[in-house]
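The values are calculated or read from the model by the stated rules, or taken from the named source; none is laboratory data. Nothing here was measured: the structure is a model prediction, and the numbers come from that model. Every residue, glycine as well, gets a Cβ built from its backbone with ideal geometry; the counts of neighbours run over all protein chains shown.
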Amino acid sequence: ATPTSIMVGTGKAAENGILFKGGEHLERTHQLETIILDKTGTITKGKPEVTDFTGDEKTLQWLASAEKGSEHPLAEAIIAYAAERNIELMEVDHFNAIPGQGIEVTISNKHILVGNRKLMEDHQVEVGGAEQELIDYEVNGKTAMLISVEGQYQGIVAVADTVKETASQAIRELKEEGLEVIMLTGDNERTAQAIAKQVGIDQVIAQVLPEQKADKVKEIQLKGKKVAMVGDGVNDAPSLVIADIGIAIGTGTEVAIEAADVTILGGELLLLPKAIKISHATIRNIR
Ligand code: ADP
Ligand code: MG
């Protein structure tokens with residue numbers, strides 16, 4: 001491989017908004033066989049909005065107050081929803097985030113949980129009647145969270161995030177380049193499948209805890225595949241490092257950008273097939 005043609009290749013990529021940290025990453029991009037994409041903030045815009053809320057006003061107040069301490073995009077959506085309804089937030093005495101599950105909070109000596117089924121199961125909260133409502137949200141690609149106060153189920157809040165306009169086209173082009181495309185997410189299986197279907201992804205790995213994302217990447221590498229991981233979040237950083245090529249979304253967190261080998265500006269997913277094409281054109285010219 002001549003250093004000059006690699007430089008021309010990374011230069012061409014940079015002009016398009018694809019920033020390689022070094023020429024060796026362009027050569028490895030040429031060898032990729034599998035591309036794994038995070039869901040929230042990578043395939044979707046990462047700006048979720050509350051679409052449905054079942055519960056009384058008091059529950060909404062507990063819910064929004066509880067989420068005040070969370071930095072999760074889901075929390076932002078809930079707080080915005082409560083603000084629009086002029087709900088006053090209460091003082092939180094104790095806040096605990098449970099990765100991949102939700103939050104556990106104490107407000108006015110009351111124990112409050114907001115999160116998924118697993119969180120409620122682990123705390124023996126009975127949510128029997130809510131199951132069908134949960135499923136209805138999930139098959140429509142929404143993320144639904146359950147709320148309990150003092151161990152009693154109180155309501156559901158459902159949040160939807162829109163997929164990026166160019167996601168389907170980007171995924172189609174990646175497949176045309178011969179790549180296997182996989183979605184990886186902490187969200188539940190049904191929601192993940194619904195979003196995957198919207199963008200043309202047929203392989204989904206869902207309900208993965210943040211600390212297990214890198215293990216999933218490793219598993220695919222152990223099958224002998226050269227793997228790229230694309231992500232935006234702090235919890236994607238270990239998988240960006242472990243992947244043969246880590247690709248950060250430019251609109252994502254600083255931590256993800258630091259951990260990656262490549263950054264795509266503006267989070268434009270069409271830059272993914274573009275990067276693959278540039279790597280092929282460059283390396284083919286060398287040989
Ligand atoms: P993603 O890969 O989509 O970013 P996460 O691993 O961050 O997913 O979260 C997985 C699940 O945990 C969410 O879908 C949600 O059910 C629950 N969860 C995480 N954070 C919160 C929160 N602040 N409030 C309620 N639920 C949460
Ligand atoms: Mg994300």
Examine the range 232-247 for a residue that is part of a loop (DSSP other than H, G, I, E, B), among the charged types (D, E, K, R) and more than 17 Å from Gly178 (Cβ to Cβ), and state whether such a residue exists. yes
Residue by residue through the range 31-61, note down the ones that are part of a loop (DSSP other than H, G, I, E, B), within 16 Å of ligand 2 (Cβ to nearest atom) and surrounded by fewer than 24 Cβ atoms within 10 Å (Cβ to Cβ). Lys45, Gly46, Lys47
In the range 220-249, how many residues are closer than 16 Å to Asp38 by Cβ, modelled with pLDDT of 95 or more and surrounded by fewer than 18 Cβ atoms within 10 Å (Cβ to Cβ)? 1
Of all residues being away from ligand 2 (no atom under 16 Å from the Cβ) and either modelled with pLDDT under 95 or under 16 Å from the mean Cα position of the chain (by Cα) (or both) in the range 172-196, which is surrounded by the fewest Cβ atoms within 10 Å (Cβ to Cβ)? Just the residue, please. Glu189
Looking only at residues that are away from ligand 1 (no atom under 16 Å from the Cβ) and among the small types (Gly, Ala, Ser) in the range 260-274, which one is modelled with the lowest pLDDT? Gly266
Could you list, in sequence order, the residues of the range 131-147 that are surrounded by fewer than 19 Cβ atoms within 10 Å (Cβ to Cβ) and more than 18 Å from the chain's Cα centre (by Cα)? Glu131, Gln132, Glu133, Ile135, Asp136
Can you name the condition, by its number, that Tyr137 falls short on among (1) within 15 Å of ligand 1 (Cβ to nearest atom); (2) not in a helix (DSSP H, G or I)? (2)
Name the residue that is farthest from the chain's Cα centre (by Cα), counting only residues in the range 62-105 that are assigned to a strand (DSSP E or B) and surrounded by 19 or more Cβ atoms within 10 Å (Cβ to Cβ). Val105
